[in-house]
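The values are calculated or read from the model by the stated rules, or taken from the named source; none is laboratory data. From a predicted model like this one, the values you see are computed outputs, not experimental measurements. Neighbour counts run over all protein chains shown; Cβ positions are idealised from the backbone, glycine included.
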Amino acid sequence: EEDTLTVQMSLTTADLKVPQKIKADSEAALEGLGKKVVVRIDVQAPAQPVGATGAPAMATTAIEGVKHIIAVASGKGGVGKSTVAANLAVALERSGASVGLCDCDLYGPSIGLMFGTQERPLADSESGKIQPVERYGLRLMSMGFLLEDGAPAVLRGPMVTKYTQQFLRQVDWGDLDYLVLDLPPGTGDIQLTIVQTVSLAGALIVTTPQEVALIDARKAVSMFHKVNVPVLGLVENMSYFLCPSDGKRYDIFGTGGGQREADRLGVPLLAQIPIEIITREAGDQGLPVTASAPDSEAAEHFVKLAESLRQVLEKTAAPC
Ligand code: ADP
């Protein structure tokens, strides 16, 4: 209208601070136009996610101060999920973001080994919150930091849920651009607790090109779909091996499996990461290759993965 500018938006969120901020920012941006500005926002609550059992799941919420929570998952163990999670976290941090990495594999934590630390996290006496361990600019949390021998042999169902929730809610993650969650393999209690506790920006599924890994990757994708968590893409790890002596490429676990599966699922294949000795050595020596050899070809693959992930996030998810 002549002297009034009206902006109408509609938004789906459970967090009322989001529309308040958008309204204030829009009004500030438009105030210089010399018109009366009216910003209206229709807010709708997000659809209740449905649990794997078909029942409505618990309401999920953001972690205060954390913009994007990314789950790194796999159907099968041993496909390099933790290696991808650790190197992705380092690559995101190297791009200037603030990043946390939470090792949610309570039974087989490996982030302590990959970052060469068994430091014990301290609890803040006032807030009661646990301070994450700082390593190479990343904030880390792992079950391996809490127990003398690294991991509990037995952990009963309710304790699994309790520890998982504590890792997400009781750790003082501070302000983060990305919190990367290294999930255990498969689709068990820990995964379900996570998807029912925090609002994930999405999940990355790590697989090898081999059919036996792809079958289980499909199950992981299906679990995320059931609980309305977007699958941001597949990462094909151990895609091939370039022999250092003759430069020949060997497709140890077959070829094309990741791309075929990504096409079938309608999600992007975000990276094809080769098997490299330097990647395995760096992981075992306590410094992911993206940090220990940042200019290597091995690191370059993880830097590109971080870049692709950022692009997908820009398209699919608004920060919390
Ligand atoms: P997961 O978390 O899926 O169980 P890990 O990340 O622990 O798998 O990897 C299993 C083993 O394979 C580790 O020894 C790791 O160093 C090695 N590994 C993973 N990805 C690569 C790679 N791209 N090149 C060489 N070794 C790798």
### Query
Do we have any residue at all in the range 127-147 that's in a loop (DSSP other than H, G, I, E, B), within 14 Å of the ligand (Cβ to nearest atom) and in contact with an Asp or Glu (Cβ under 6 Å, 6 or more places away or on another chain)?
no
### Task
Can you work out which of the residues in the range 69-108 that are near the ligand (Cβ under 9 Å from one of its atoms) and among the charged types (D, E, K, R) is modelled with the highest pLDDT?
Lys81
### Task
Return a yes/no flag: does the range 197-213 have any residue that is crowded, with 24+ Cβ neighbours inside 10 Å, assigned to a helix (DSSP H, G or I) and within 16 Å of the ligand (Cβ to nearest atom).
yes
### Message
Take residues that are within 14 Å of the ligand (Cβ to nearest atom), in contact with a helix residue (DSSP H, G or I) (Cβ under 6 Å, 6 or more places away or on another chain) and not β-branched (Val, Ile, Thr) and tell me which of the helices (runs of 4 or more DSSP H) falling wholly in the range 243-320 contain 1 or more.
### Response
277-284, 289-292, 297-316
### Query
Out of all the residues in the range 309-316, is one or more of a type outside the set (D, E, K, R) and touching a Cys at 6+ places or on another chain (Cβ under 8 Å)?
no
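Yes/no per residue for (1) crowded, with 21+ Cβ neighbours inside 10 Å; (2) of a type in the set (Asp, Glu); (3) in contact with a Gly (Cβ under 7 Å, 6 or more places away or on another chain):
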position	(1), (2), (3)
His225	no, no, no
Val231	yes, no, yes
Leu242	no, no, no
Ser245	no, no, no
Asp251	no, yes, no
